[in-house]
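One structure is given below, encoded as structure tokens.
The values are calculated or read from the model by the stated rules, or taken from the named source; none is laboratory data. Only a predicted model underlies this, so the values are computations on that prediction, with no experimental measurement involved. As a convention, Cβ positions derive from the backbone with ideal geometry for all residues, glycine included, and neighbour counts pool all protein chains shown. With ligands, DNA and RNA removed, areas are computed over all heavy atoms of the protein, side chains included. Shrake-Rupley method; radii C 1.70, N 1.55, O 1.52, S 1.80 Å.
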Amino acid sequence: MTVSREQLRREADRAIDEVLAGREACELESQTLDFKELKRPAGNDRDLLKAAAADLAEAVACLANSRGGTVIVGVRDDGAGPAAIVGVPTDLDIDDLRHRIWQHTSPSLVVDIDGWALPA
């Protein structure tokens, strides 16, 4: 059974609220929800999205092979409270990331990428 986009969004909103309230993100992960930090490039690799796209492609493929789901990027899965929110670079090229995930998956997956702005 596939989960609707609205259900996934509500689950993600609740999870972020719970992390901010002090629960560890890893406690909230499920068959339809995963938390990821944006992988940083290795060594002197200048391609900022290479490692991130490969890591996220693996995560979305796992979810796609099940019921679908949401990967929340910018949250440490071993963290709790506001310190768990590590964010993503403001200059992250969303279209490039989406395209690279499409390239890294077989069959190619088209993913929706939404941004969240957390209250200061």
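Note on region 66-103: among residues that are touching a Leu at 6+ places or on another chain (Cβ under 8 Å) and open to solvent by 80 Å² or more (accessible area, probe 1.4 Å), the one that is modelled with the lowest pLDDT is 82.
Here are 49, 33, 63: which of them is under 23 Å from residue 117 (Cβ atoms), surrounded by 12 or more Cβ atoms within 10 Å (Cβ to Cβ) and either touching a strand residue (DSSP E or B) at 6+ places or on another chain (Cβ under 9 Å) or of a type outside the set (A, V, I, L, M, F, W, C) (or both)?
The unique qualifying residue is 33.
Restricting attention to region 66-95, the residues that are out of contact with any Phe, Trp or Tyr (no Cβ under 8 Å at 6 or more places or on another chain), closer than 17 Å to residue 31 by Cα and in a loop (DSSP other than H, G, I, E, B) total 4. Of all residues in region 96-120, exactly one satisfies the criterion of being of a type in the set (Phe, Trp, Tyr) and either closer than 17 Å to residue 32 by Cα or assigned to a loop (DSSP other than H, G, I, E, B) (or both), namely 116.
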